[in-house]
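I have placed the structure first, in the form of structure tokens, so that the comments after it can refer back to it.
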Amino acid sequence: PLHQPKNSSMTAATSTQSLEERLQRVEDQLAIYQIISSYGPAADSCNMVDIEKHWVPDCTYVIADFGEAKGYAGLKALFDAPFHQGLFKDGCAHIASLPHVVIDSDKAVATHYAQVFTQREQNFVCVRVSVHRWEFSRLAEGWKMLRRTTSLIDGNAAARDLLERAMQGPAAT
């Protein structure tokens, strides 16, 4: 049996869940981690097959300084745009921090920081630091992204709002 220390931060709801429910929550969280961690390599290689497989067909990707992409065609347009193609040509690395994930039944959100590096004059430079909020839904084929919102960490209110909602679940989206 699992031992719960006296000063544990485990919530009452978690402590009353069955082992199967707790294992399902861990598996769900790991699946979401895998989706987020696979994004960087897919973006850096412009692998649209790997990018699209984690999104629903009518997805929305909001990038504060680039606009809003809808569906697979919108995602492809982002990766075909001059900014990303320039990063890709010079070599780039999308580096994500470990996300904070909140799961509520068949919905989940994840919030994390990301940095994008590229090579300039034989040095790697960070060209973007941003915060991301990913919205997921559990479908028959597993967790899929519905919406992703990105904001640069540049003192703007939108970035602060995403950061302030990091601990809030899907209902706060």
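The values are calculated or read from the model by the stated rules, or taken from the named source; none is laboratory data. As the structure is a computational prediction, the values presented were derived from the model and not from experiment. Neighbour counts are summed over all protein chains in view; Cβ atoms, including those assigned to glycine, are modelled from backbone coordinates with ideal geometry. For accessibility, only protein heavy atoms count, side chains too; no ligands or nucleic acids. Shrake-Rupley method; radii C 1.70, N 1.55, O 1.52, S 1.80 Å.
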Between residues in region 83-112 that are hydrophobic (A, V, I, L, M, F, W, C) and residues that are open to solvent by less than 30 Å² (accessible area, probe 1.4 Å) and assigned to a loop (DSSP other than H, G, I, E, B), which pairs lie under 7 Å by C-beta distance while being six or more apart or on different chains?
-> VAL102/GLY169; VAL109/GLY169; ALA110/PRO99
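Rundown of residues vs (1) hydroxyl-bearing (Ser, Thr, Tyr); (2) over 22 Å from ILE32 (Cα atoms), yes/no style:
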| residue | (1), (2) |
| --- | --- |
| CYS92 | no, yes |
| VAL102 | no, no |
| ALA108 | no, no |
| THR118 | yes, yes |
| TRP134 | no, no |
| GLU141 | no, no |
| THR149 | yes, no |
| LEU162 | no, no |
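Of all residues in region 156-165, which are open to solvent by 20 Å² or more (accessible area, probe 1.4 Å) and of a type in the set (A, V, I, L, M)? Before you say what the answer is, go through the steps one by one.
Kept after step one, since they are open to solvent by 20 Å² or more (accessible area, probe 1.4 Å), are these residues of region 156-165: 156-158, 160-161, 163-165.
If the condition is that a residue be open to solvent by 20 Å² or more (accessible area, probe 1.4 Å) and of a type in the set (A, V, I, L, M), then ALA157, ALA158, LEU163 are the ones that fit.
Which residue, of ASN123, ASN156, is in contact (Cβ under 8 Å) with a residue 24 or more places away in the chain and over 21 Å from TYR72 (Cα atoms)?
Numbers: ASN123 fails: in contact (Cβ under 8 Å) with a residue 24 or more places away in the chain.
Of ASN123, ASN156, the one residue that is in contact (Cβ under 8 Å) with a residue 24 or more places away in the chain and over 21 Å from TYR72 (Cα atoms) is ASN156.
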Enumerate the pairs (first residue in region 18-42 and more than 20 Å from HIS54 (Cβ to Cβ); second residue anywhere and open to solvent by 60 Å² or more (accessible area, probe 1.4 Å)) with beta-carbon separation below 8 Å, excluding pairs fewer than 6 apart on the same chain, so at least 6 apart or on different chains.
-> LEU19/LEU2
For region 96-155, please list each of the strands (runs of 3 or more DSSP E) lying entirely inside it that holds at least 3 residues being closer than 15 Å to ASP65 by Cα, in contact with a Pro (Cβ under 7 Å, 6 or more places away or on another chain) and open to solvent by less than 50 Å² (accessible area, probe 1.4 Å).
-> none
